[in-house]
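Undergrad: If you scroll down you'll find the structure; I have some questions about it.
The values are calculated or read from the model by the stated rules, or taken from the named source; none is laboratory data. Just so you know, these numbers come straight off a predicted model, no measurement behind them. Reconstructed Cβ throughout: ideal geometry from the backbone, glycine too, with neighbour counts over all protein chains shown.
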2 protein chains.
Amino acid sequence: MNEFDFINKIRARVAAKQGADSALSTQHSVLLQGIGDDAAIIHSTGGKDSLVTTDLLIEDIDFKRDTTTPELLGHKALAVSLSDIAAMGARARWGFVSIGLPPDVWESGFAERLYDGYFSLAELYGVELAGGDISRTTDKIVIDSMLIGECDSGRAVLRRGAAPGDQIFVTGFLGDAAAGLRLIERGARVHTASGPKPLEEHSVNRLLLRQLSPVPRVGWGILLGEQQLAGAMIDISDGLSSDLNHLCEESGVGAVIDAARIPIDQVVTEICGRRALDPLMLALHGGEDFELLFTVKPENVGKLPKRVDGVAVTWVGTIQEQSSGVRISEGARIWSLEPGGWEHFRKTKDEE
Amino acid sequence: MNEFDFINKIRARVAAKQGADSALSTQHSVLLQGIGDDAAIIHSTGGKDSLVTTDLLIEDIDFKRDTTTPELLGHKALAVSLSDIAAMGARARWGFVSIGLPPDVWESGFAERLYDGYFSLAELYGVELAGGDISRTTDKIVIDSMLIGECDSGRAVLRRGAAPGDQIFVTGFLGDAAAGLRLIERGARVHTASGPKPLEEHSVNRLLLRQLSPVPRVGWGILLGEQQLAGAMIDISDGLSSDLNHLCEESGVGAVIDAARIPIDQVVTEICGRRALDPLMLALHGGEDFELLFTVKPENVGKLPKRVDGVAVTWVGTIQEQSSGVRISEGARIWSLEPGGWEHFRKTKDEE
């Protein structure tokens, strides 16, 4: 059982429980949407819905201490949660960060530097740090980021809003973060200081930062939600193939995407080419790009702005009937697009 | 610097930031209270305030794998957060649990058993599980529990509401959880099956469960909040000495408590007596009792019920002017009550 199967089991259990609790629906606030989207939705009678998301970052699983900085980690902890709130079409408001640190890391001033990174990003998007917890650990760093957002009542964009005929778009470029991770694994190290660098070094550094310091698509999320342009939306954290499958599963639809239209940065293509990496595989299955994947009704496609915050969107495919499955076309060939992104508890081939 | 100093630094930084952001106060919802209480308070115009709390549980710091069970851990993760919401005088509504597990623990079915324990307690208090995150770790278990509660607007009971002359009460008994921890450290193991046991074994087991499976004072919290009987409140998680100091610091007051009135269970006294443990030290400085410590105006003392959910409250002292400090009296002697509870990053004497 991987974590997605497990989450579905827990979700079924909560749903069964909710059926029995229907008498509670006379209460002031109700949970509109719990497990199974980028964030939970709490509806209150005051005209706003609250969105809640939580993300764990674990040392040596999600990051390595010697390939990032405390500031970048603080940034990333908030960025991944901002991306979830953006994927609901909502505005982020209040953040909570819990950190567990070994004593030597605590003594090194790590926590202050982590909060420096967190606050820099929080300030940019008007997020207030509202709480958290601090604990000692024996040897590893653990960070849990929780973020509460808000949107007008009923306006949250769910994964389950896609219908056949809807057009599929993604923001920005895909595969950058996965390329960055491969470069880190091969020994590249990030330079956080600005200043002139040789072009290759500059390009590599940009990809490393896409992995270590992702920029959430906050502006796009708010626009797509508030102008009601997106029917369904998810952020690409596990990988396009996995996250498109998540969205299709929730919506009860299929999809076909066009491999040639997947936005891959020229820099990724060049750097991958020189290192025997396949940029399309990184773009399809590499996670942590934190771009937004969303669907738009055909009549609304013309209303999409060209760019938000300097970031463009790209058409990549079309929602189809569920019976068609989730597929990818490359010229005349078409094949099934299986989820190939990150799973925490997937057995490797050797273990199976 | 211990974590309390650090939290105060972060808090000052947030407060400075909030001053600069006062233009935001025209928004629908505002953060009334962030860092520095048992939970953050978000005020919305719908007539209700939301309370948010988060608690990290780290393996080999907060628990050991071989001295508890997954079910008890699931229970405790929610219980500590329920205690925080109770300490705000509020009702718990929505829970979020993030868990990080090593692969072998994941394979053992640990997560399902943890959720079993969580759901049992959640059902008891009407908490809905609304989300969370699941991650792999290299070797240690980590659990982060987040809980959102609600109360009528402006009715949350803060740490800062105590005034000189107010009377200080605690629910239940103190020192049980610390006694339970000492017994575990000396090799005692919990029996979760019911059934007849010799009296001594039964008593020991009850103390172990006070440590491993605390019962939050949910009923008392709601009553004290909704009937506006408590001026200030905190849950005793770090220890009476620490938490009373926290409450007094936030309220800008002093206090004197009467050692003879601190409620210590006869079982603790007996078991400690036979094991050369000082029950008063456990009751003063031992943490994790998750009882409520609260202040009541003299004219309201008569309105306190004798028991809620079978749990009594005990008068332990009086709030005084700040200049008096926080003190404890034992007969004619009186001395300063220094925080002696749990700190994550306190140096031991040897290290200082």
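Undergrad: Looking at B:SER242 and the list (1) under 24 Å from B:GLY74 (Cβ atoms); (2) touching a Pro at 6+ places or on another chain (Cβ under 9 Å); (3) surrounded by fewer than 24 Cβ atoms within 10 Å (Cβ to Cβ); (4) not basic (Lys, Arg), which single condition is not satisfied?
TA: Unmet condition: (1).
Undergrad: Separate question: Condition first: within 21 Å of the chain's Cα centre (by Cα) and among the β-branched types (Val, Ile, Thr). Now tell me which residues in the range B:130-147 satisfy that. Full working, then the answer.
TA: Here is the first cut: in the range B:130-147, the ones within 21 Å of the chain's Cα centre (by Cα) are B:142-147.
Residues satisfying the conditions are B:VAL142, B:ILE143.
Undergrad: If you don't mind, there's one more thing I want to ask. Pick from A:PRO263, A:PRO279, A:PRO298: which is surrounded by fewer than 16 Cβ atoms within 10 Å (Cβ to Cβ), outside the structural domain of A:SER83 (by TED's automatic domain parsing) and in contact (Cβ under 8 Å) with a residue 60 or more places away in the chain?
TA: A:PRO298
Undergrad: B:SER120 versus (1) crowded, with 20+ Cβ neighbours inside 10 Å; (2) within 24 Å of B:HIS191 (Cα to Cα): which is the lone unmet condition?
TA: (1)
Undergrad: Also, I was wondering about something else. Spot the failing condition for B:ASP66; the list is (1) within 21 Å of B:ALA156 (Cα to Cα); (2) at pLDDT 70 or above, and only one is missed.
TA: For B:ASP66, the failing item is (1).
Undergrad: Of everything in the range A:35-46 that's more than 13 Å from B:ILE148 (Cβ to Cβ) and facing another protein chain (nearest Cβ under 7 Å), which residue is modelled with the highest pLDDT?
TA: A:GLY46
Undergrad: Here are some conditions: (1) within 30 Å of B:PHE63 (Cα to Cα); (2) more than 7 Å from chain B (Cβ to nearest Cβ); (3) surrounded by 24 or more Cβ atoms within 10 Å (Cβ to Cβ). A:LEU82 meets all but one. Which one does it not meet?
TA: The number of the failed condition is (1).
Undergrad: Separate question: Quick one: is B:GLN167 surrounded by 15 or more Cβ atoms within 10 Å (Cβ to Cβ), modelled with pLDDT of 90 or more and either assigned by TED's automatic domain parsing to the domain that holds B:GLU321 or aliphatic (A, V, I, L, M) (or both)? So that I can check it myself, show each step before the final result.
TA: Values: surrounded by 15 or more Cβ atoms within 10 Å (Cβ to Cβ): yes; modelled with pLDDT of 90 or more: yes; either assigned by TED's automatic domain parsing to the domain that holds B:GLU321 or aliphatic (A, V, I, L, M) (or both): yes.
Yes.
Undergrad: Name the residues in the range A:328-342 that are in a strand (DSSP E or B) and more than 15 Å from A:GLY239 (Cα to Cα), would you?
TA: Matches in the range A:328-342: A:SER329, A:GLU330, A:ARG333, A:ILE334, A:TRP335, A:SER336.
Undergrad: Then there is this: Based on this model, can you work out whether B:THR69 counts as among the polar types (S, T, N, Q) and surrounded by fewer than 21 Cβ atoms within 10 Å (Cβ to Cβ)? Please lay out each step first, then the result.
TA: Numbers: among the polar types (S, T, N, Q): yes; surrounded by fewer than 21 Cβ atoms within 10 Å (Cβ to Cβ): yes.
Considered against the rule, which asks whether it is among the polar types (S, T, N, Q) and surrounded by fewer than 21 Cβ atoms within 10 Å (Cβ to Cβ), B:THR69 comes out as yes.
Undergrad: If B:GLU201 passes every condition in (1) part of a helix (DSSP H, G or I); (2) charged (D, E, K, R); (3) within 26 Å of B:LEU51 (Cβ to Cβ) but one, which one does it miss?
TA: With (1) part of a helix (DSSP H, G or I); (2) charged (D, E, K, R); (3) within 26 Å of B:LEU51 (Cβ to Cβ) applied to B:GLU201, the lone miss is (3).
Undergrad: Here's a follow-up. Given (1) surrounded by fewer than 21 Cβ atoms within 10 Å (Cβ to Cβ); (2) under 27 Å from B:LEU304 (Cα atoms); (3) at the interface with chain A (Cβ under 10 Å from one of its Cβ atoms), identify the lone condition not met by B:GLY161.
TA: With (1) surrounded by fewer than 21 Cβ atoms within 10 Å (Cβ to Cβ); (2) under 27 Å from B:LEU304 (Cα atoms); (3) at the interface with chain A (Cβ under 10 Å from one of its Cβ atoms) applied to B:GLY161, the lone miss is (3).
Undergrad: If B:LYS64 passes every condition in (1) among the basic types (Lys, Arg); (2) under 23 Å from A:ILE141 (Cβ atoms); (3) within 10 Å of chain A (Cβ to nearest Cβ) but one, which one does it miss?
TA: It is condition (3) that B:LYS64 fails.
Undergrad: May I pose another question? If you check B:ARG136, B:ARG182, which single one turns out to be modelled with pLDDT of 90 or more, closer than 30 Å to B:CYS248 by Cβ and surrounded by fewer than 24 Cβ atoms within 10 Å (Cβ to Cβ)?
TA: Details: B:ARG136 fails: closer than 30 Å to B:CYS248 by Cβ.
Just a single option satisfies the conditions, and that option is B:ARG182.
Undergrad: Taking the conditions exactly as written (at the interface with chain A (Cβ under 8 Å from one of its Cβ atoms), on the phi > 0 side of the Ramachandran plot and assigned to a strand (DSSP E or B)), does B:GLY132 satisfy them or not?
TA: Considered against the rule, which asks whether it is at the interface with chain A (Cβ under 8 Å from one of its Cβ atoms), on the phi > 0 side of the Ramachandran plot and assigned to a strand (DSSP E or B), B:GLY132 comes out as yes.
Undergrad: Filtering the range B:1-34 down to residues that are part of a loop (DSSP other than H, G, I, E, B) and modelled with pLDDT of 65 or more, which residue is nearest to the other protein chains (Cβ to nearest Cβ)? First the steps, then the outcome.
TA: Taking the range B:1-34 as the starting set, the residues that turn out to be part of a loop (DSSP other than H, G, I, E, B) are B:1-2, B:21, B:27-29, B:34.
Now narrow it down to the ones that are modelled with pLDDT of 65 or more: B:1-2, B:29.
Numbers: B:MET1: 8, B:ASN2: 9, B:SER29: 6 Å.
Filtering the range B:1-34 for residues that are part of a loop (DSSP other than H, G, I, E, B) and modelled with pLDDT of 65 or more, the one nearest to the other protein chains (Cβ to nearest Cβ) comes out as B:SER29.
Undergrad: Need the failing condition index for B:SER145 against (1) within 12 Å of chain A (Cβ to nearest Cβ); (2) over 17 Å from B:ILE58 (Cα atoms); (3) outside any helix (DSSP H, G or I); (4) among the small types (Gly, Ala, Ser), just the number.
TA: Failed condition: (2).
Undergrad: Just give me the residues in the range A:76-129 being in a loop (DSSP other than H, G, I, E, B) and more than 15 Å from the chain's Cα centre (by Cα), in sequence order.
TA: A:PRO102, A:SER108, A:GLY109, A:GLY126, A:VAL127, listed by residue number.
Undergrad: Take B:LEU129 and decide whether it is farther than 18 Å from B:ASP60 by Cα, in contact with a Phe, Trp or Tyr (Cβ under 9 Å, 6 or more places away or on another chain) and either at pLDDT below 95 or surrounded by fewer than 20 Cβ atoms within 10 Å (Cβ to Cβ) (or both).
TA: Criteria met by B:LEU129.
Undergrad: Here are the criteria: (1) within 20 Å of A:VAL204 (Cβ to Cβ); (2) within 20 Å of the chain's Cα centre (by Cα). Tell me which single one A:GLU270 does not satisfy.
TA: Failed condition: (2).
Undergrad: Further question on the same structure: Return the residues of the range A:222-252 that are in a strand (DSSP E or B) and among the β-branched types (Val, Ile, Thr); say none if nothing qualifies. Let's see the steps before the verdict.
TA: In the first step, residues of the range A:222-252 are kept if they are in a strand (DSSP E or B); the result is A:232-235.
Passing the criteria: only A:ILE234.
Undergrad: For the range B:100-118, enumerate the residues that are at the interface with chain A (Cβ under 7 Å from one of its Cβ atoms) and under 16 Å from B:ALA79 (Cα atoms). Don't jump to the end; show me each part of the working.
TA: Filtering the range B:100-118 for residues at the interface with chain A (Cβ under 7 Å from one of its Cβ atoms) gives B:100, B:103, B:106, B:111, B:115.
Across the range B:100-118, the qualifying residue is only B:TYR115.
Undergrad: Within the range A:168-224, how many residues are free of Cβ contacts under 8 Å to residues at least 12 places away in the same chain and polar (S, T, N, Q)?
TA: Counting residues in the range A:168-224 that are free of Cβ contacts under 8 Å to residues at least 12 places away in the same chain and polar (S, T, N, Q) gives 1.
Undergrad: For the range B:253-292, which residues satisfy the criterion of being out of contact with any Cys (no Cβ under 8 Å at 6 or more places or on another chain), in a loop (DSSP other than H, G, I, E, B), farther than 17 Å from B:ARG210 by Cβ and not basic (Lys, Arg)?
TA: B:VAL253, B:ALA276
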